[in-house]
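Encoded as structure tokens, the structure appears first; notes follow it.
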Amino acid sequence: MGWLWAIIVGFVLGLLAKAIIPGKQHSPLWLTTIFGIIGALIGNAVARGFGIAETSGIDWGRHALQLAAAIVIVFLGDMAYTAVRGKKRHA
């Protein structure tokens, strides 16, 4: 079930990040999901570093850090995807 939750959370975080980032992103949905999974992993690591990985109740701090990391990863990943895709069109 861990992988299924990772895919679901990555999908949701990726879509939220795409909605927050201004402009149009060109990466496909499967890649956005992978970016969201990576963002969730980075957000969890940062939360552990701050000591807020496990709290009683809803982990709002951890979720905010996951979303922030997903926004950065989706933004940078989409830029890289667009650059690679653009080079293939010109070749």
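The values are calculated or read from the model by the stated rules, or taken from the named source; none is laboratory data. Here the structure is a predicted model, which is why all the values come from computation and not from measurement. Here the Cβ is made from the backbone with ideal geometry for all residues, glycine too, and neighbour counts use every protein chain on show. Only protein heavy atoms, including side chains, enter the accessible area calculation; ligands, DNA and RNA are left aside. Shrake-Rupley method; radii C 1.70, N 1.55, O 1.52, S 1.80 Å.
Compute the long axis of helix 60-90 from its Cα atoms, compare it with the longest principal axis of the Cα atoms of the chain, and write down the angle in degrees, 0 to 90, nearest 10.
The two axes meet at around 10 degrees.
Once both axes come from the Cα atoms, what is the angle between helix 2-20 and the longest principal axis of the chain, in degrees from 0 to 90, rounded to 10?
60 degrees
Of the heavy-atom accessible surface of the chain (probe 1.4 angstrom), what whole percent is carbon and sulfur?
Result for the chain: 74 percent of the exposed heavy-atom area is carbon or sulfur.
What would the Debye formula give as log10 I(q)/I(0) at q = 0.24, 0.28 Å⁻¹ for the alpha-carbon point model of segment 1-52, no solvent?
Here the Debye-derived log intensity ratios amount to -0.88, -1.02.
Taking Cα atoms, how many degrees apart are the long axis of helix 29-50 and the longest axis of the chain, rounded to 10 and kept between 0 and 90?
With both axes taken from Cα atoms, the answer is about 40 degrees.
Given an 8 Å cut-off on Cα distances and at least 6 residues of separation, report the relative contact order of the chain as a percent. It would help to have the intermediate numbers written out before the result.
Details: 109 pairs, mean separation 30.7, N = 91.
Reported as a whole number, the value is 34 percent.
Given a 1.4 angstrom probe, what's the average accessible area per residue across segment 34-88, in square angstrom? Intermediate results must be reported in sequence, preceding the final value.
Details: 3350 Å² over 55 residues.
Dividing the accessible area of segment 34-88 by its residue count gives 61 Å².
Would you please calculate the Kirkwood hydrodynamic radius of the chain over all C-alpha pairs and express it in Å, rounded to one decimal?
Numbers: mean 1/r = 0.0738 Å⁻¹.
This gives a value of 13.6 Å.
What ranking do 61-68, 21-28 get when scored by the average of other Cβ atoms within 10 Å per residue, highest first? Numbers along the way, then the final one.
Values: 61-68: 18.6, 21-28: 12.1.
Going from most to least packed, we get 61-68, 21-28.
To the nearest 20 debye, what charge dipole does the chain have about its Cα centre, counting +1 at the Cβ of each Lys and Arg and -1 at the Cβ of each Asp and Glu? Before the final figure, lay out each step's value.
Values: 8 positive and 3 negative charges, 109 e Å.
Dipole magnitude for the chain comes out near 520 debye.
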